[in-house]
Amino acid sequence: ECHLSDQRDPAFSSLDNQPIEINFMKISPILARWLAIIWTIIMLIGCLTPHDDLPEELLSWSDKLLHVLIFAPFTLLWALAGFPMGRVLIAGILFGALIEVLQYILPINRSGDLIDLLADSLGAVVGIGIAWLIPQKYRFV
C-alpha cells in the first residue's frame, strides 16, 4: 500500500486551485540597465557591420527571424529595467527604423528594408509581451 503526502509544493501543483508560483531570481536595477545598454550596443554593432564582414553562420539564418530574435531581448531588457512598456515599444520600433535608415545611407554594403523594419517591430512586440507576462513582483525595478 502506497501513501502519498498530502502536502503539495505550490511550484508544481495547482490541484488545490491555488496559483502556481515560480520563483525568479531578482537582479538589481543597475545590472538590468547595464544588460539593456550592452545588448543595445551589440545590436547596433551587429546591424551596422559591413555585409562582407559578417560571419557566414549569421547570413544562413532566416533574416526576418533573426530580426525578431534580436529585437525581442532589446524591448524585454529595457522594460524589465524599469522603463514604461509603451515607451519601450515605441523606442524599439524607432530604433529599428533608425538602423534601417543607417543601413540604407551608410556605405556598408547593407540595405534598408521595410520588411526588416516590420520584423524588428514584431520582435519589439514579442519582447514587450514576454515582459508583460512576468509578474510585477519579479521585475527588476
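The values are calculated or read from the model by the stated rules, or taken from the named source; none is laboratory data. The structure presented is a predicted model; accordingly, all values stated were derived computationally and were not measured. Virtual Cβ from ideal backbone geometry, glycine too; neighbours counted across all protein chains shown. We work out accessible area using only protein heavy atoms, side chains counted, and drop any ligands, DNA or RNA first. Shrake-Rupley method; radii C 1.70, N 1.55, O 1.52, S 1.80 Å.
Residues in the range 62-72 that are open to solvent by 40 Å² or more (accessible area, probe 1.4 Å) and modelled with pLDDT of 95 or more: Leu69 only. Just name the residue that is nearest to the chain's Cα centre (by Cα) out of those in the range 89-134 that are over 13 Å from Leu76 (Cα atoms), surrounded by fewer than 13 Cβ atoms within 10 Å (Cβ to Cβ) and touching a residue at least 40 places away in the same chain (Cβ under 8 Å). Looking at residues that are over 13 Å from Leu76 (Cα atoms), surrounded by fewer than 13 Cβ atoms within 10 Å (Cβ to Cβ) and touching a residue at least 40 places away in the same chain (Cβ under 8 Å), I get Ile115.
Here Phe83 passes the criteria (1) modelled with pLDDT under 95; (2) under 28 Å from Pro29 (Cβ atoms); (3) touching a Phe, Trp or Tyr at 6+ places or on another chain (Cβ under 8 Å); (4) open to solvent by 40 Å² or more (accessible area, probe 1.4 Å) except the one numbered (3).
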